[in-house]
Amino acid sequence: MPENTSEEIGIRELRARLGDVVNDTAVRGAITYITSYGRRVAAIVPVPDAEVLEAQRQGDPAES
């Protein structure tokens, strides 16, 4: 089972490290929060986590 870790990275640094970040997500299950001016604005998450979230959103009538 991959170790689920998380980190934060600014958009500027992400541009330089995107390949490494995606690899860490795919191999280790890492979650990376992307920040803009110190505020979390997005996340790169493993596909299984994203699929669970997407299924939950599709089944939630409040989201429709």
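Each reported figure results from applying straightforward, stated rules to the coordinates on display, with no laboratory input. Treat the numbers as computed from the prediction; the structure is a model and nothing was measured. Backbone-built Cβ (ideal geometry, glycine too); neighbour counts: all protein chains shown.
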Query - Filter result for residue 40 (of a type in the set (Lys, Arg) and part of a helix (DSSP H, G or I)) - result: no
Report task. Select from the range 9-36 the residues that are outside any helix (DSSP H, G or I) and touching a helix residue (DSSP H, G or I) at 6+ places or on another chain (Cβ under 9 Å) and list them in ascending order. Result -> 9, 29, 30, 31, 32, 34, 35, 36
